[in-house]
Amino acid sequence: MALISLLALAAGCGRVFGDPQEEANRAISRANEAIAEHNRHFERARSTYEEVKQRIESGEDPSGEREEIRRARESMREARDSLREARRALSGVQELEVDPAVKRYARLLSEAMEAQLAAESRELDFYELLEEDPALEENRERALEILEEVSRGYERAERSYDAARELAESNPEVLGSGRERRGG
(Lines give C-alpha, C1' and ligand atoms only; values in the text may rest on other atoms or scores of the structure.)
Protein backbone atom coordinates (compact mmCIF):
# COMPACT_ATOMS: atom_id res chain seq x y z
CA MET A 1 0.00 0.00 0.00
CA ALA A 2 1.24 3.44 -0.84
CA LEU A 3 1.89 6.09 1.72
CA ILE A 4 1.17 9.70 1.11
CA SER A 5 3.88 11.53 -0.77
CA LEU A 6 4.18 15.27 -1.00
CA LEU A 7 6.94 17.15 -2.72
CA ALA A 8 8.55 19.97 -0.81
CA LEU A 9 7.42 23.00 -2.76
CA ALA A 10 7.68 25.74 -0.20
CA ALA A 11 11.10 26.87 -1.39
CA GLY A 12 10.01 27.06 -5.02
CA CYS A 13 6.84 28.99 -4.32
CA GLY A 14 8.70 31.44 -2.14
CA ARG A 15 11.03 32.42 -4.98
CA VAL A 16 8.44 34.64 -6.64
CA PHE A 17 7.34 37.52 -4.48
CA GLY A 18 3.74 38.65 -4.22
CA ASP A 19 0.61 37.86 -2.33
CA PRO A 20 -0.70 34.97 -4.48
CA GLN A 21 2.63 33.14 -4.41
CA GLU A 22 2.99 33.70 -0.67
CA GLU A 23 -0.54 32.42 -0.15
CA ALA A 24 0.21 29.35 -2.26
CA ASN A 25 3.37 28.83 -0.24
CA ARG A 26 1.41 28.97 3.03
CA ALA A 27 -1.21 26.57 1.68
CA ILE A 28 1.44 24.08 0.63
CA SER A 29 3.18 24.42 3.98
CA ARG A 30 -0.10 23.75 5.84
CA ALA A 31 -0.75 20.76 3.57
CA ASN A 32 2.75 19.42 4.32
CA GLU A 33 2.11 19.64 8.06
CA ALA A 34 -1.28 17.93 7.78
CA ILE A 35 0.17 15.20 5.59
CA ALA A 36 2.95 14.56 8.09
CA GLU A 37 0.28 14.14 10.76
CA HIS A 38 -1.68 11.83 8.45
CA ASN A 39 1.40 9.69 7.92
CA ARG A 40 1.95 9.23 11.66
CA HIS A 41 -1.62 7.99 12.18
CA PHE A 42 -1.56 5.97 8.96
CA GLU A 43 1.57 4.08 10.02
CA ARG A 44 -0.05 3.13 13.32
CA ALA A 45 -3.03 1.67 11.50
CA ARG A 46 -0.87 0.17 8.74
CA SER A 47 1.10 -2.21 10.95
CA THR A 48 -2.07 -3.80 12.30
CA TYR A 49 -3.70 -3.82 8.89
CA GLU A 50 -0.77 -5.65 7.29
CA GLU A 51 -0.64 -8.25 10.05
CA VAL A 52 -4.37 -8.96 9.91
CA LYS A 53 -4.38 -9.00 6.10
CA GLN A 54 -1.62 -11.63 6.06
CA ARG A 55 -3.50 -13.76 8.56
CA ILE A 56 -6.70 -13.59 6.52
CA GLU A 57 -4.98 -14.35 3.23
CA SER A 58 -3.25 -17.37 4.78
CA GLY A 59 -6.51 -18.63 6.30
CA GLU A 60 -5.58 -17.94 9.95
CA ASP A 61 -7.98 -16.67 12.61
CA PRO A 62 -7.34 -13.01 13.59
CA SER A 63 -10.03 -13.03 16.30
CA GLY A 64 -7.54 -12.42 19.11
CA GLU A 65 -6.72 -9.01 17.69
CA ARG A 66 -10.07 -7.29 18.37
CA GLU A 67 -8.65 -4.43 20.47
CA GLU A 68 -5.79 -3.90 18.01
CA ILE A 69 -8.30 -3.76 15.16
CA ARG A 70 -10.34 -1.13 17.02
CA ARG A 71 -7.22 0.98 17.62
CA ALA A 72 -6.18 0.63 13.98
CA ARG A 73 -9.63 1.83 12.90
CA GLU A 74 -9.38 4.86 15.18
CA SER A 75 -5.88 5.67 13.92
CA MET A 76 -7.13 5.45 10.34
CA ARG A 77 -9.98 7.85 11.13
CA GLU A 78 -7.51 10.32 12.61
CA ALA A 79 -5.30 9.92 9.53
CA ARG A 80 -8.27 10.66 7.27
CA ASP A 81 -9.07 13.83 9.22
CA SER A 82 -5.51 15.03 8.72
CA LEU A 83 -5.61 14.22 5.01
CA ARG A 84 -8.87 16.13 4.60
CA GLU A 85 -7.17 19.07 6.29
CA ALA A 86 -4.31 18.85 3.79
CA ARG A 87 -6.76 18.74 0.89
CA ARG A 88 -8.61 21.80 2.26
CA ALA A 89 -5.31 23.67 2.58
CA LEU A 90 -4.63 23.13 -1.13
CA SER A 91 -8.17 23.85 -2.31
CA GLY A 92 -7.70 27.61 -2.54
CA VAL A 93 -4.62 27.42 -4.74
CA GLN A 94 -6.80 27.06 -7.86
CA GLU A 95 -8.24 30.56 -7.35
CA LEU A 96 -4.85 32.23 -6.97
CA GLU A 97 -2.99 33.98 -9.76
CA VAL A 98 0.06 31.75 -9.72
CA ASP A 99 2.02 29.81 -12.29
CA PRO A 100 -0.21 27.19 -13.97
CA ALA A 101 2.24 24.48 -12.88
CA VAL A 102 1.52 25.33 -9.22
CA LYS A 103 -2.22 25.02 -9.86
CA ARG A 104 -1.79 21.75 -11.74
CA TYR A 105 0.44 20.40 -8.98
CA ALA A 106 -2.15 21.30 -6.32
CA ARG A 107 -4.87 19.67 -8.46
CA LEU A 108 -2.84 16.47 -8.91
CA LEU A 109 -2.17 16.28 -5.19
CA SER A 110 -5.83 16.88 -4.43
CA GLU A 111 -6.78 14.07 -6.82
CA ALA A 112 -4.24 11.80 -5.16
CA MET A 113 -5.61 12.67 -1.75
CA GLU A 114 -9.15 11.96 -2.95
CA ALA A 115 -8.07 8.51 -4.18
CA GLN A 116 -6.23 7.94 -0.90
CA LEU A 117 -9.30 8.92 1.10
CA ALA A 118 -11.48 6.55 -0.94
CA ALA A 119 -9.05 3.68 -0.34
CA GLU A 120 -8.87 4.50 3.34
CA SER A 121 -12.67 4.52 3.50
CA ARG A 122 -12.74 0.97 2.15
CA GLU A 123 -9.98 0.05 4.58
CA LEU A 124 -12.23 1.27 7.39
CA ASP A 125 -14.98 -0.97 6.00
CA PHE A 126 -12.53 -3.84 6.32
CA TYR A 127 -11.77 -2.98 9.96
CA GLU A 128 -15.47 -2.78 10.77
CA LEU A 129 -16.12 -6.12 9.11
CA LEU A 130 -13.23 -7.60 11.04
CA GLU A 131 -14.61 -6.26 14.31
CA GLU A 132 -18.01 -7.83 13.58
CA ASP A 133 -16.57 -11.16 12.51
CA PRO A 134 -12.94 -11.42 13.70
CA ALA A 135 -12.46 -14.95 12.42
CA LEU A 136 -14.17 -13.99 9.16
CA GLU A 137 -16.12 -17.22 9.33
CA GLU A 138 -18.98 -15.71 7.33
CA ASN A 139 -17.28 -12.79 5.62
CA ARG A 140 -13.94 -14.05 4.33
CA GLU A 141 -14.77 -13.52 0.64
CA ARG A 142 -16.17 -10.07 1.30
CA ALA A 143 -13.05 -9.17 3.31
CA LEU A 144 -10.78 -10.31 0.48
CA GLU A 145 -12.80 -8.26 -2.03
CA ILE A 146 -12.48 -5.19 0.17
CA LEU A 147 -8.73 -5.73 0.52
CA GLU A 148 -8.43 -5.92 -3.27
CA GLU A 149 -10.40 -2.67 -3.66
CA VAL A 150 -8.18 -1.02 -1.07
CA SER A 151 -5.08 -2.11 -2.96
CA ARG A 152 -6.42 -0.75 -6.28
CA GLY A 153 -7.35 2.54 -4.60
CA TYR A 154 -3.87 3.02 -3.19
CA GLU A 155 -2.40 2.25 -6.60
CA ARG A 156 -4.57 5.00 -8.14
CA ALA A 157 -3.42 7.42 -5.46
CA GLU A 158 0.23 6.50 -6.05
CA ARG A 159 -0.12 7.17 -9.79
CA SER A 160 -1.43 10.67 -9.04
CA TYR A 161 1.37 11.29 -6.54
CA ASP A 162 3.86 10.12 -9.17
CA ALA A 163 2.36 12.52 -11.73
CA ALA A 164 2.70 15.38 -9.22
CA ARG A 165 6.32 14.41 -8.53
CA GLU A 166 7.08 14.31 -12.26
CA LEU A 167 5.49 17.72 -12.72
CA ALA A 168 7.64 19.14 -9.92
CA GLU A 169 10.77 17.57 -11.35
CA SER A 170 10.04 19.04 -14.78
CA ASN A 171 9.36 22.51 -13.29
CA PRO A 172 11.99 22.92 -10.57
CA GLU A 173 12.14 26.70 -10.97
CA VAL A 174 8.45 26.96 -10.09
CA LEU A 175 7.83 23.94 -7.89
CA GLY A 176 11.04 23.63 -5.91
CA SER A 177 13.69 20.99 -6.10
CA GLY A 178 11.42 18.03 -6.84
CA ARG A 179 12.69 16.12 -3.82
CA GLU A 180 10.12 13.69 -2.59
CA ARG A 181 9.17 13.60 1.06
CA ARG A 182 7.70 10.40 2.36
CA GLY A 183 6.02 10.33 5.69
CA GLY A 184 5.63 7.54 8.11
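The values are calculated or read from the model by the stated rules, or taken from the named source; none is laboratory data. Given the structure is predicted, the values throughout are model-derived calculations rather than measurements. Here Cβ is always computed from backbone atoms with ideal geometry, including for glycine, and neighbour counts include all displayed protein chains. In case anyone asks, the SASA skips ligands and DNA or RNA and just uses the protein heavy atoms, side chains included. Shrake-Rupley method; radii C 1.70, N 1.55, O 1.52, S 1.80 Å.
Among the residues in the range 37-55, are any open to solvent by less than 40 Å² (accessible area, probe 1.4 Å), touching a helix residue (DSSP H, G or I) at 6+ places or on another chain (Cβ under 7 Å) and of a type in the set (D, E, K, R)?
The answer is yes; a qualifying residue exists.
Kindly indicate whether VAL98 is modelled with pLDDT of 90 or more, more than 20 Å from the chain's Cα centre (by Cα) and buried (at least 16 other Cβ atoms within 10 Å of the Cβ).
Criteria met by VAL98.
For the range 128-166, enumerate the residues that are more than 18 Å from the chain's Cα centre (by Cα) and of a type in the set (Gly, Ala, Ser).
ALA135, ALA143
Is at least one residue of the range 136-155 in a loop (DSSP other than H, G, I, E, B) and on the phi > 0 side of the Ramachandran plot?
Yes: one or more hits.
Would you point out the residue of the range 51-84, among those that are within 15 Å of the chain's Cα centre (by Cα) and among the acidic types (Asp, Glu), that is nearest to LEU136 (Cα to Cα)?
Residue satisfying both the conditions and the ranking: GLU78.
Being farther than 19 Å from GLU43 by Cβ and surrounded by fewer than 18 Cβ atoms within 10 Å (Cβ to Cβ) is the filter; apply it to the range 140-154 and report the residue that is modelled with the lowest pLDDT. Don't jump to the end; show me each part of the working.
In the first step, residues of the range 140-154 are kept if they are farther than 19 Å from GLU43 by Cβ; the result is 140-146, 148-149, 152.
With the extra rule that they be surrounded by fewer than 18 Cβ atoms within 10 Å (Cβ to Cβ), the set shrinks to 140-142, 144-145, 148-149, 152.
Numbers: ARG140: 87, GLU141: 92, ARG142: 93, LEU144: 91, GLU145: 95, GLU148: 95, GLU149: 96, ARG152: 96.
It comes out as ARG140.
So if I check each of GLU145, GLU111, GLU132, GLU128, which one is within 22 Å of GLU78 (Cα to Cα) and free of Cβ contacts under 8 Å to residues at least 12 places away in the same chain? Walk me through how you get there before you give the answer.
On the way: GLU145 fails: within 22 Å of GLU78 (Cα to Cα); GLU111 fails: free of Cβ contacts under 8 Å to residues at least 12 places away in the same chain; GLU128 fails: free of Cβ contacts under 8 Å to residues at least 12 places away in the same chain.
Answer to the selection: GLU132.
Restricting to the range 1-36, and then to whatever is under 18 Å from ALA157 (Cα atoms) and modelled with pLDDT of 85 or more, can you tell me which residue is most open to solvent (accessible area, probe 1.4 Å)?
ALA36
Answer yes or no: is there a residue in the range 105-128 that is of a type in the set (Lys, Arg), farther than 20 Å from GLU51 by Cβ and either assigned to a helix (DSSP H, G or I) or open to solvent by 10 Å² or more (accessible area, probe 1.4 Å) (or both). Reasoning before the result, please.
Taking the range 105-128 first, the residues of a type in the set (Lys, Arg) are 107, 122.
Imposing the further condition that a residue be farther than 20 Å from GLU51 by Cβ reduces the set to 107.
With either assigned to a helix (DSSP H, G or I) or open to solvent by 10 Å² or more (accessible area, probe 1.4 Å) (or both) added as a condition, the list becomes 107.
Yes; the residues of the range 105-128 include at least one that is of a type in the set (Lys, Arg), farther than 20 Å from GLU51 by Cβ and either assigned to a helix (DSSP H, G or I) or open to solvent by 10 Å² or more (accessible area, probe 1.4 Å) (or both).
Got at least one residue in the range 165-176 being assigned to a loop (DSSP other than H, G, I, E, B) and either free of Cβ contacts under 8 Å to residues at least 24 places away in the same chain or open to solvent by less than 20 Å² (accessible area, probe 1.4 Å) (or both)?
Yes, some residue in the range 165-176 is assigned to a loop (DSSP other than H, G, I, E, B) and either free of Cβ contacts under 8 Å to residues at least 24 places away in the same chain or open to solvent by less than 20 Å² (accessible area, probe 1.4 Å) (or both).
Step by step: first the residues of the range 56-89, then only those that are acidic (Asp, Glu) and assigned to a helix (DSSP H, G or I), then the one that is least open to solvent (accessible area, probe 1.4 Å). Which residue is that? Quick ask: steps written out before the conclusion?
Of the range 56-89, the ones acidic (Asp, Glu) are 57, 60-61, 65, 67-68, 74, 78, 81, 85.
Still in the running and assigned to a helix (DSSP H, G or I): 57, 65, 67-68, 74, 78, 81, 85.
Numbers: GLU57: 112, GLU65: 39, GLU67: 91, GLU68: 69, GLU74: 65, GLU78: 80, ASP81: 89, GLU85: 98 Å².
Restricting to residues being acidic (Asp, Glu) and assigned to a helix (DSSP H, G or I), the top hit is GLU65.
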